[in-house]
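Participant: Please find one structure pasted underneath; my questions will follow.
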Amino acid sequence: MTDIKIGILGGSGLYDMPDLEDRQEHQLTTPYGTPSDSLISGRIQGIPVVFLARHGRGHRLLPGEVPYQANVYAMKQLGVRYLISFSAVGSLSEEIAPLDMVLPDQYIDMTRQRPNSFFGAGAVAHVSMSEPVCPALTHLLANAVQQLTGDDAVRLHQHKTYICIEGPQFSTQAESHWYRSMGAGIIGMTNMPEARLAREAQIAYASLGMVTDFDCWHPKEPHVSADYAIDNLMKNAQRAEKIALNAIKLLAQSWPESIAHNALASGLVTPLDVMDSTTRERISLLLK
């Protein structure tokens, strides 16, 4: 299946969607290693789509162990041009409550140990990250959330800053208050370097954060723990499936142009003809 344009990164529930037909597994290798798991492709109402469990099926990988480069590169190998991320986040704001959803439009990257570029080793590029998510895809994803009605309706927050920490431990209270002072609205462990790599791969990227907790800054709310966060995440699992379905259908109606789709036109510094053949082959895929 080479006509896939839409990729979904998230939990295992998404690629077990009952609407998925012609289900296939793809065990891919990339110049950056193997992805977190097999990629699952299929068609939803005739629309080709591919799913990947970011942490592997069964949630086997820590945030710092996720092979972000391989995950995004594998999406590119299958032709993905639009990548939607679903992930758990904590709230750093009184107005954002557990079970709400958030569309970030900015990031603060506090990760320390993760390879965050496809470039180097004979190829130089500097892409713009001033707008780290695709505005057009984020707007479409907002519409997908707002299509939920009745008991599925959920409160959506937009134009928030996501601070990405290395983990795997949760924050100290001092850190949580510090992040709030920076103006961050939500906190997570997975969107970086995912968003950076999607931009280098010229893939439109948008992220939906599903709020599970108040981290540990709130004096009157439970401090975050793994079981508390997972319990709240599962409460939103069916909503996430419906949002993904809505977004897939909306995308297929318009295929919006993205600032990401030409990111390397001004970002690639090293000419292809001066790269060695191995480097040129590795980088050429990103230029498609």
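Participant: Restricting to strands (runs of 3 or more DSSP E) lying wholly in segment 148-231: which have 1 or more residues that are among the polar types (S, T, N, Q) and within 30 Å of Val127 (Cα to Cα)?
Facilitator: Answer list for segment 148-231: 156-165, 204-213.
Participant: For segment 226-245, state whether one or more residues are over 25 Å from Leu78 (Cα atoms) and touching a helix residue (DSSP H, G or I) at 6+ places or on another chain (Cβ under 8 Å).
Facilitator: yes
Participant: Suppose we filter segment 44-79 for residues that are within 18 Å of Asn191 (Cα to Cα) and outside any strand (DSSP E or B); how many remain?
Facilitator: Number of matching residues: 21.
Yes/no per residue for (1) buried (at least 21 other Cβ atoms within 10 Å of the Cβ); (2) without any contact (Cβ under 8 Å) to a residue 12 or more places away in the chain:
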position	(1), (2)
Asp22	no, no
Arg43	no, no
Gly46	no, yes
Gly56	no, no
Ala97	no, no
Phe118	yes, no
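Participant: Could I ask something else about it? Quick check on this structure: which one of Ser85, Ser93, Ser36 is of a type in the set (Gly, Ala, Ser), closer than 22 Å to Ala247 by Cβ, outside any strand (DSSP E or B) and at pLDDT 95 or above?
Facilitator: Going through Ser85, Ser93, Ser36 in turn, the sole match is Ser36.
Participant: Take segment 242-277 and flag every residue that is in a helix (DSSP H, G or I), in contact (Cβ under 8 Å) with a residue 12 or more places away in the chain and farther than 19 Å from Gly46 by Cα.
Facilitator: Ile259, Ala260, His261, Asn262, Ala263, Leu264, Ser266, Gly267, Leu272
The values are calculated or read from the model by the stated rules, or taken from the named source; none is laboratory data. The structure presented is a predicted model; accordingly, all values stated were derived computationally and were not measured. Glycine also receives a Cβ, built like all others from the backbone with ideal geometry; neighbour counts cover every protein chain displayed.
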